[in-house]
Every structure is written in structure tokens, then in C-alpha cells.
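J.: Got a structure here, written out as C-alpha cells. Questions coming.
Readers should treat all values here as calculations from the given coordinates under stated rules, not as data from a laboratory. Worth saying up front: this structure is predicted, and the values here are computed from it rather than measured. No Cβ is skipped: glycine too gets one built from the backbone with ideal geometry, and neighbour counts run over all protein chains shown.
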There are 2 protein chains.
Amino acid sequence: MGKRFCCAITLIAIGWAIAGLAAAAATDTQSIAVAVRDQALSGQSVAWSLLSELTTDIGTRPAGSAAERAAADWAAAKLRAFGFSNVSLQQFPMVAWHRGIEHVELLGAYGPQTLAAAALGGSPPTPAQGVAGEVVAFSSLQALQAAPAEALAGKIALITRKLVVTQDGTGYLAALGGRSRGPAEAAQRGAVGFLMRSLGTGGHRFAHTGSTAYAGDTGPIPAFALAAADADQIERRRAAGEKVHVRLFSSASFSKDAQSQNVIAEIPGRDRPEEVVLIGAHLDCWDLGTGAIDDGSGVAIVTAAAKLILEQPRRPRRTIRVVLFGAEEVTQPHAQPLGDKVYVRAHAADIGSHVLTGESDFGAGWIYSVSLPRGLADTPFAATLGELLGPVGTDISKWDAEHTGTDVKPLVDLGVPSFKLNHDGSRYFEYHHTVDDTLDKIEPATLSQNVAAWATLVWLAADTDINFRMGSQP
Amino acid sequence: MGKRFCCAITLIAIGWAIAGLAAAAATDTQSIAVAVRDQALSGQSVAWSLLSELTTDIGTRPAGSAAERAAADWAAAKLRAFGFSNVSLQQFPMVAWHRGIEHVELLGAYGPQTLAAAALGGSPPTPAQGVAGEVVAFSSLQALQAAPAEALAGKIALITRKLVVTQDGTGYLAALGGRSRGPAEAAQRGAVGFLMRSLGTGGHRFAHTGSTAYAGDTGPIPAFALAAADADQIERRRAAGEKVHVRLFSSASFSKDAQSQNVIAEIPGRDRPEEVVLIGAHLDCWDLGTGAIDDGSGVAIVTAAAKLILEQPRRPRRTIRVVLFGAEEVTQPHAQPLGDKVYVRAHAADIGSHVLTGESDFGAGWIYSVSLPRGLADTPFAATLGELLGPVGTDISKWDAEHTGTDVKPLVDLGVPSFKLNHDGSRYFEYHHTVDDTLDKIEPATLSQNVAAWATLVWLAADTDINFRMGSQP
């Protein structure tokens, strides 16, 4: 650690010299960075109260619902009251999915057992009498895809893959295809229903919902996630040589004329207002919990970080734009654009003015490192940031930022450089998309750490004239 | 530890001398005690497979249900196959309660929020439109009882008391009155509904059900337990100065002509078959989970322990009677007798022949100590037992056995001496009476430890001629 500290100091010294910045301005940038950081760490941020209000007063806020709209109005009012500029709602139409009554039963010689299950978002309703069939189990999406056409005719497919606990959430990305594409793949092979072991970690009996997508000319089939204990129940029956049968019921429904919206607010830049650092999170959440970790905490973190910057004695050089996206959690028939793409389409002419973007959508675990745009890790900017984040307990990652978030992906795909604040996600998937995603899962002190890391990075990025794109063009 | 060990050795030596037992017989009793203990510890017991079958093949088995009957038939078949004698079912009529569809909504300016809640067993249904009202919160049952008559007219009472984590479960006993008597007390003061913070520990969003009782001439009112996170939600609204309103709905129902049953099996005593050591557990469980900790593990532990004794080269001097009770979890209108009292009434003439009793109904946590009948702690019997339980990791408690279990309480009330194997219950109330009470909460190695402690104690008690009543008559 000692050696690294010395190197960092040297880099900072060289960095400021090379950048040719006047000493006074440099000090000022840095002193404000220290101020926002330390005010966040000392609990001056409003993140906790924002998160508590959002999850307590509004509660769950599924994409396209009245509650999601209420959350947007609440957020816009907060942003205006805090003094942000250009606060607006960007509305868009969507098809909303509504969970109905649902029931998954394991059948057998001793009578039916109710399994803990949750329909996947986008899963169609069953007929009134439900859908029953024999379970055919697959160890993964790939195993299901290897089954021939018609192999599942009249059957119910089950993917048993377990989610692996990882700090950075890559376990989820590795298994996600089972949920997003499994039902469609099963339907194409004649299945009348789909089950999966929840994409979740932890030892409690929660089903983890999430969206699934249907493509091609095969109709959608009812699809459910099972709690781990209930997937185990089926596994034990199968291990005992039993042919396992289940019955599925769901009265899910769709609203074709729903609306969602992004909430946008700005801190106009002092010198280069046309250059935008865009920071995002999403207001919608799954219907089961109150969306504290996904993504109320993100809303609270980016809003509180921006508010801290707004309250400093001078504004940053560049504009900071906060975008609280709508309808992040869902997919749409015919790939109808939702919050992320609606934003990008509205800004097609000025994508090039977006100098940097980042998103907070991985809970409120400790931020252990920051990933920067390609080529930035060895720059004076990174060295300065690394020094400033030392007291926050956050390193500069040796990895460039990748998969920085669903909502900013369309911007990233169009060449906007992105950063990522890497939360410890070891426990994130215990709660993710379950009824257990509630306020009590957030540690206030850690939330303050998150705000400190965000405020420091965003301030530095907005108060510099570095071209973050440079590194991405080798 | 060294000193204590020496004392124990001395006591054993004195003990055998005082008891005047022939050395050969003593060795034989002890060598069989060592055998059952070590066979259990080495995993020879069938407890795990019994528990897995019961919770996987039958699953949940509420009192008075077809599933409870299936569990009784399954248990009787197992006991017969194992070679137990006099295997029989003792049937009795009861009123069974059935959970229906249920829904608790927190009302407010942003629209209703669904709370995680579970109707208490015995809670009546609501009208079709539900019951709505303002919440009046009380910190405890005592605070509610201090409210004057009519204080709650048209209101919904809420008890906010938190369950304290204790190793021995006394936290539950201290708070239990809120559930068992709270709804009746609230009804007497005019309340139209009752809510309580679940009697549960742990940080997950589970409602903990359980039975409630109504007495007197006030009609029962709909009563629900809220998950801790949802009780917190109401607390935060109240702390913000809001008058909190909720709406309750339940379509619970009753079957007046239901049946339950005890399952009884014996190892007939070799010398004194008329003297009975009765060991119990209960087959029914709450409807939400599969009853692994409550009380599938008890069924598995006492059955496996007795089976180990049955398989030894000679039978014990006294009869060991295994009773797997029905309908332990519930209460009945007009105090109609259930499994425990049905057993006692059937044995009114021979209660005196029950020399000792104990029950396994506190999960499958580590058994850290054994409580013996009053006056037994300083006897050679206790010293021998203490030595034998050393390798099991179980001490002799300095406390006499009290509150040894619901099912054997009527026997204890009639003077039958009782013992208690004290499980570490620190985590028991995270799962108790929730959907999360499933097989994965049991550690196989700890279950084997439980069987070892049980088998050792029960063998010793059944192979001695000690009068366990002596100590209880000071």
C-alpha cells in the first residue's frame, strides 16, 4: 500500500503539471471534490431520507403503473425543491404487465403441494383451469436449446441452474439467459409451461421474478420462477425416480395503453454547458418488493450526489444531467422503445455532446472500486480520483468499464464513454426481484459511502475538460 | 472443565456403588447407551431420510387436513416396518381452519400497498369488501389491555412488540400472549381487526402465522401477522405523523367435521413393560411451510432415536412409547380436546404408569444441554448421563425441566416427570410458522447430534428402575 501511495502522489504531481492547469483552479476543483466527499461521508447527504420516502410512501412501482407515475412526480418535485434546473418528465407509451393471482402446485400421491413461485414479467395468463404437465428438467438454457424440436410437446420445461455468488454480479449475467430466453426456447419445442430455479442466492424461500422475452412466431407460454427450496423439492422427487407433474395457474394481464416516463434534471455547466455528464438510475421496480435495492438506492445515490454538487460555492464546468429512467425492468413486444431508448432517440442530434455517463443500478453495497472508460486508468485524472477516493474505501479498478448498466447502454452503444462504480454485490441477489427487496436491506452508512464515491467522481468529471472519448479510440 | 470432569467421575463411581447394581448389568446398560449414541453420531440414524420424505413427499400438513392424515399413515407404516409394537392411530374430531385468499393493504395518498401478512390460525374471514380502519398501535399486549373498553371502536389494533432473540426460546414465550390473546382483547374493546408484528426474528420478509384464541362473548375479528419490514413500514408512516389506515381481506374458512389423529408405537419393556417412558413430537404443521423445523425434525428425531434403541441386542427394562401427536398447532372452540388431551383422557387410568416424558418440538439446532426432572441433577443417573453426553457436546443443565412442551403438558400437569433436551433456538424463530420452514434449514450433522442425545437419554431412562417422581416430591 505504501508503494502505491507514493506512485499515486507522483502521478498527481505530474498530472497537474502536464494538464497545465493553473494552481488556483486545480486547488479549487480538488477542494470542492474533498468537500462533496466529506459531506457525503459525514451523513450530510439526503440519500437515506429519499430512499425511505420512496419505499415507504409510494412503495412498489411497477413499470407503467400509477405508482411509477407517482414516483416520477415525487422525484420531479424533489429535484425542483432542491434547486435543479430544467426538471422535466419525458413520457412514453408502453404495454404494462400486471401480476394476477398465481399458483404453482406440485402434484403427487399425497395430494398437491403449493410451491413458492412468481410469474415472470411478461408471462401470459393460463386458462382458468391452469396448465398441467410432466416436468422435463434441464441443467441450463444450453441444455434446453440442445433438445430437438417438439421434444417438449405438452410438457413443462424446468431449468435447474443455480446462480453463483459473485462480488461483481457476473454470476447473474452468466445465468440470465435462462430467464430471458428460456420460455421462448421451451415454447418453440412444444412446452406448455416453463419453470426455472430462481436467479437468486441466499437460503430463504423467495421466488425471484424478472422479465422474459418472446420472439419469433411461437406464442408465449406461462413462465414462473421457483424459490430455491421448491426447485429442490422437485429435484428430490426426481432423484427418487418419480415422474414429477405440476399445475400452473396465473391470471396475469396486460394494459396496452399504459404510460411511463423518465425524469430529467440538470446542474447547468458553468463553462461548457453543452457538454453533459449523464448519471442515471431507474424509478420502476418489480411489483413484489418496494424496490429498495433495485433501484430506489440508485435513485437516492445519484440524486443525493448531484444535490451535494449543486450546493457547492460554484457550479462544475460541464452540465450534470440526472436521468431517473422509467420502465427499466421490462421488455416490450416488437422491441417498442422504453426509457433508455426514448431518451437516446430524443437526443439523437446531440449524442456527441454526452461526454461521460454512468448508472447506479446494483444496490447499495460497499463501492470497492471504480471502473473508468478505456484508456483512463493510467491518466492523471485517475490518479487524482484514486487519491480522493482513498478515504472512501474505493480503489480504481484495473478493468475498464464494461456493462455499465441497462439504461445507459444505448448511449454507450453510440460511443458515449462510461464509468462504473462497483458495489459489493455478494448479497444483492438474495433480495433482487423478490418481496424481500425492502428498505431494511440498506445500511445507511454504506449508502453514504456510495454517495461519497459518486459525488467525488461526478464532480471531478464535470469540472474537467478531459475528453473521455480519447482512450476509447486506440 | 478439569475439576468438573473429576467430580463427575467420582459421582459415577459413587453412583454405581450406591445404586448397588451388579457390575455386569451396569456395563451392559452403559455399553448399549454408548452404542446408540455412537451409532447416531456416525450418521446411522434414519432421521434425515424420514424428515426428507415427510417434507418432500407430503409437504405441509395442517391440523385436520388430508395431508396430516397422510402423514399419520406414512408414520404408522414406517413404525411398523421398523419393527415397533402396538402401532395404532388414535383419532379425534376437530374443527379445522383453512387459509383462504388474503390481502392486507396499507392505504395512503399514493395508493394502496400490499403488505406481507398472514392470517392467524382461527382468524375468521372478512366480508367480501374487506375491513378497513385506522390503525391504533400498542407496544405490547399489556398496553392494549390497559386501553379502556370501546377505545378501539371501528379501529384496527396493532401490537408492535419485537421478538427478542434468545437461545432457549424464552423470547417467544414472553411475547406469545400478543398473538394468542391480542385479537380477543382488541375485539373486546371494539376493534374490527387486529394486526401484529410477527413473532419472528431474522431480517427477511416473512409473516409468521400461529394460532389465536377467542374467549368470552365477543365475536372473533380478522387477525393477521405482518412481516417485520411491513410493521416497520407502518411505524415509519406513524413516525412521520400520518394517520395510518389499512384494509384487511381474508376468505378463511372452517371445516366442522374434520379429523386428526395421534400415532402411537411401542418398544415393550423387558422387565417392567407397564412402566412407560413417553417420547413425543407432532405431525401437523402450519400451512405455509413444509414443517421441517416445526415439527418434522421432532418426528424424525424421536422416531430415529427409538429405532436405534429397538435395534440393540436387548430391549430396555421399561416400555418406550413414541407418540406422534396430531393437531398440536391449533386451538379449538370451547376447548375441545386435541391430540395431547385425547391421549391423556384415554390413559386416565394409567397416568401413574408413565414414569417419564419428553417432547421434541424446538427444531433441530444443537442440543447444548439436558434438563432433568426436579431433584435429578445431583444423582448418579445424571452423572452417568452427563458422562455419556460429553462426546455429544451436551451438558446437564443446572435448571430443572420446565415448560417441556405443549403436547406432554397435560401429562406433566398430572404429575408425570419430564425432561427436556435444550436445542440452540437462536435461529429457530427466523423460520417458525413461515413459508421458510423447509428442509434446507436443517443441518444433517446437527440432526444426528440431536438423535444421539435423545437415544442416549431415553435408553438410560428406560433401562433403569429409578423413580423419577421422587425428586418432584420434596
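J.: Please identify which residues in the range A:97-120 have an amide N closer than 19 Å to a label point set 7 Å out from the Cα of residue A:129, following the Cα→Cβ vector.
T.: It comes to A:103-108, A:112, nothing else.
J.: Right, here's the next one. Please state the relative contact order of chain A as a whole percent: Cα pairs under 8 Å, 6+ residues apart?
T.: It comes to 23 percent, rounded to a whole number.
J.: Which residue, B:48, B:415, B:367, has the largest displacement toward the positive end of the dipole of chain B when charges sit on each Cβ (Lys, Arg +1; Asp, Glu -1)?
T.: B:415
J.: Give me the angle, in degrees from 0 to 90, between the Cα long axis of helix B:23-41 and the longest principal axis of the Cα atoms of chain B, rounded to the nearest 10.
T.: 40
J.: Residues of the range B:346-380 with the amide nitrogen closer than 12 Å to a label point 7 Å from the Cα of residue B:167, along Cα-to-Cβ, please.
T.: Counting backbone N atoms under 12 Å from the label point, the list is B:366-370.
J.: Continuing with this model, one more query. Order these by the 10 Å Cβ neighbour count, fewest first: A:249, A:194.
T.: Fewest to most other Cβ atoms nearby, the residues stand as A:249, A:194.
J.: Here is the link list: B:256/B:441; A:162/B:441; B:78/B:162; B:162/B:420; A:162/B:420; B:78/B:409. Which ones come out longer than 29 Å on Cα distance?
T.: B:256/B:441; B:78/B:162; A:162/B:420, as the Cα separations exceed 29 Å there.
J.: Between residue B:345 and residue A:240, how high is the FRET efficiency from 1/(1 + (r/R0)^6) when r is the Cβ-Cβ distance and R₀ = 60 Å? Nearest 0.05.
T.: Rounded to the nearest 0.05, the efficiency is 0.90.
J.: I've got another one for you. Would you mind ranking A:266, A:402, A:359, B:387 so that the residue whose beta carbon has the fewest other beta carbons within 10 Å leads the list?
T.: A:402, B:387, A:266, A:359
J.: Once you place label points 7 Å from the Cα toward the Cβ at residue A:38 and residue B:414, how far apart are they in nm?
T.: Calculated label separation equals 7.7 nm.
J.: Mind running the shape call on the range A:317-365? Use the C-alpha gyration tensor, a ≥ b ≥ c as the square roots of the eigenvalues: rounded below 1.5 for a/c, prolate if a/b tops b/c, oblate otherwise.
T.: Oblate is the answer for the range A:317-365, as a/c is 1.5 or above yet b/c matches or exceeds a/b.
J.: Could you calculate the contour length gain from residue B:353 to residue B:101, that is, 0.36 nm times the residue separation minus the distance between their Cα atoms, to one decimal place in nm?
T.: Length difference between fully extended and current span is 86.0 nm.
J.: Check the axis relating chain A to chain B and name the residue of A whose C-beta is nearest, distance in whole Å.
T.: Per the Cβ-to-axis criterion, the result reads A:204, 3.
J.: Estimate the FRET efficiency between residue B:28 and residue A:395 by the formula 1/(1 + (r/R0)^6), using the beta-carbon distance for r and 56 Å for R0, to the nearest 0.05.
T.: Rounded to the nearest 0.05, the efficiency is 0.25.
J.: Once you place label points 7 Å from the Cα toward the Cβ at residue A:85 and residue A:142, how far apart are they in nm?
T.: For residue A:85 paired with residue A:142, the spin-label model returns 5.2 nm.
J.: Please list, by residue number, everything in the range A:245-272 whose backbone N is under 14 Å from a paramagnetic label point 7 Å out along Cα→Cβ of residue A:66.
T.: A:259
J.: So if we plug the beta-carbon distance of residue A:378 and residue A:334 into 1/(1 + (r/R0)^6) with R0 = 41 Å, what FRET efficiency do we get, rounded to 0.05?
T.: 0.40
J.: Can you grab the distance from the C-alpha centre of the range B:396-424 to the C-alpha centre of the range A:94-160, Å, no decimals?
T.: Cα centres, the range B:396-424 to the range A:94-160: 47 Å.
J.: Residues with beta-carbon under 13 Å from that of residue A:372, excluding residue A:372: net charge, scoring Lys, Arg +1 and Asp, Glu -1?
T.: 0
J.: Rank these for me by crowding, B:243, A:155, going from fewest to most other beta carbons within 10 Å.
T.: By the 10 Å Cβ count, ascending: B:243, A:155.
J.: Between copies, how far does the label point of residue B:139 sit from its twins, in nm, shortest first, when each point is 7 Å from Cα along Cα→Cβ?
T.: Label-point distances to the other copies, shortest first: 5.8 nm.
J.: Tell me what the protein assembly as shown gives for mean residue ellipticity at 222 nm when only DSSP H runs of n ≥ 4 count, each as -39,500 (n - 2.57), the sum divided by the residue total, rounded to 500 deg cm²/dmol.
T.: The helix contribution divided over the protein assembly as shown gives -10000 deg cm²/dmol.
J.: Which shape class applies to the range A:100-251: rounded if a/c is under 1.5, otherwise prolate when a/b exceeds b/c and oblate if not, where a ≥ b ≥ c are the square roots of the Cα gyration tensor eigenvalues?
T.: Note, shape of the range A:100-251 comes out rounded.
J.: So, one more: Using the 7 Å Cα-to-Cβ label point, sort the distances from residue A:166 to its equivalents in the other copies shortest first and give them in nm to one decimal.
T.: Copy-to-copy label distances at residue A:166, shortest first: 4.6 nm.
J.: Can you tally the net charge around residue B:197? Count Lys and Arg as +1, Asp and Glu as -1, for every other residue whose Cβ sits under 15 Å from the Cβ of residue B:197.
T.: +2
J.: Check the straight Cα-Cα distances from residue A:155 and name the lysines below 18 Å, setting aside those fewer than 8 residues away within the same chain.
T.: The reachable lysines, counting only those whose Cα sits under 18 Å from residue A:155, are A:243.
J.: Here is a further query. Between the label point of residue A:255 and that of the same position in each other copy, find the distances and list them shortest first in nm, with every label point placed 7 Å from Cα along the Cα-to-C-beta direction.
T.: Reported distances to equivalent positions: 4.0 nm.
J.: Take every Cα pair under 8 Å in the range B:100-251 that's 6+ residues apart, average their separations, divide by the length, and report that relative contact order as a whole percent.
T.: Relative contact order comes out at 37 percent.
J.: Sticking with this structure for a sec: What's the local net charge at residue A:248, with K and R +1, D and E -1, over the other residues with C-beta under 11 Å away?
T.: Its environment carries a net charge of -1.
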